[in-house]
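Have a look at the structure below before the remarks.
Quick note: the coordinates plus some simple rules give every number you see, no bench work behind them. Here the structure is a predicted model, which is why all the values come from computation and not from measurement. Quick reminder, even Gly has a Cβ in these numbers, built from the backbone with ideal geometry, and neighbours come from all protein chains shown.
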Amino acid sequence: MHIHRLEKIWLAFGFSMLVVFLTVLGVMTFSMGMAPPSGHHHAIDPTKVTETAPFDKPVLNKIGDNEYEAIMTAFAFGYAPTTLEVPAGATVHFTITSSDVVHGFEIVGTNVNMMVLPGEVNHTTHTFKKPGEYLILCNEYCGIGHEMMKTTIVVN
Ligand code: CUA
C-alpha cells in the first residue's frame, strides 16, 4: 500500500501528539497526586441502609435560622421522606443514599443534580429563594417504575 509522504508526516504528527498528551496526563496525574474526589468519602453497608442511622429514619430537621437538614433515602421507586416543606429562602442540606440500585436526585429548575449510589452517602446544599413546588426526580434508569420516581419539595 502506498501512503503519500504528506500523509505519513500527518500520521506521525498525530501519533506524536497523542503520545505527548498521554505522557503529560500521566506525569501530571502522579506528580500532583490526582485521584477521584475522596475528601468527604463516606459509605455505609448498602444492604443495611434502612437499619443504619440516620437513614433508618429519613427526616427533615430544622437546624438553624431558616436552615434545614434533609436526611433522605432513594429507593425503587421513590424517596423518603415523601413530603418536604420549607419556607422561602430556606437553605436545605441534603444527605442521601440509596437502599437498592443507582438512582438520580435532580431538583428541576435548580443546579442540584446528583447520582445516588447504594451505600454511598451524597451531600448537596441548596437555598430555595423562590416559593413554589419543586419537582425532585430520578434521572438514572432504575427499573420499571423509573418514570414514576419523583417527589416534591414545597417552598412557601
Ligand atoms: Cu430511580 Cu430512576
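Given charges of +1 on the Cβ of Lys and Arg and -1 on the Cβ of Asp and Glu, with all other atoms neutral, how large is the dipole of the chain about its Cα centre, in debye to the nearest 20?
580 debye
Looking only at segment 70-91, which residues have a backbone nitrogen under 14 Å from a spot 7 Å from the Cα of Val154 in the C-beta direction?
The answer is 82-88.
Among DSSP beta bridges whose residues both lie in the chain, state the antiparallel percentage, nearest 5.
Expressed as a percentage, antiparallel bridges in the chain total about 70.
Only Cα pairs under 8 Å and at least 6 apart count here; give the relative contact order of the chain as a rounded whole percent.
The value is 20 percent.
Out of all DSSP beta bridges with both ends in segment 76-156, state the antiparallel percent to the nearest 5.
Bridges in segment 76-156 are about 80 percent antiparallel.
Go ahead and estimate [θ] at 222 nm for the chain from helices alone: -39,500 (n - 2.57) per DSSP H run with n ≥ 4, summed, over the residue count, rounded to 500.
Dividing the helical sum by the residues of the chain leaves -6000 deg cm²/dmol.
Quick one: which residues, 5 or more positions from Glu120 or on another chain, have an amide H under 5 Å from its amide H? H modelled 1.01 Å from N in the peptide plane, none for Pro or chain starts.
Under 5 Å from the amide H of Glu120: Ile44, Ser98.
Straight-line reach from Lys129: which aspartates and glutamates have a Cα under 16 Å away, not including same-chain ones fewer than 8 places off?
Within reach: Asp65, Glu67, Glu85.
Give the lysines whose C-alpha is closer than 26 Å to that of Lys130, dropping any in the same chain fewer than 8 places away, or say none.
Within reach: Lys62, Lys150.
Taking a ≥ b ≥ c as the square roots of the Cα gyration tensor eigenvalues, with a/c under 1.5 meaning rounded and otherwise prolate when a/b beats b/c, else oblate, which class fits segment 42-155?
oblate
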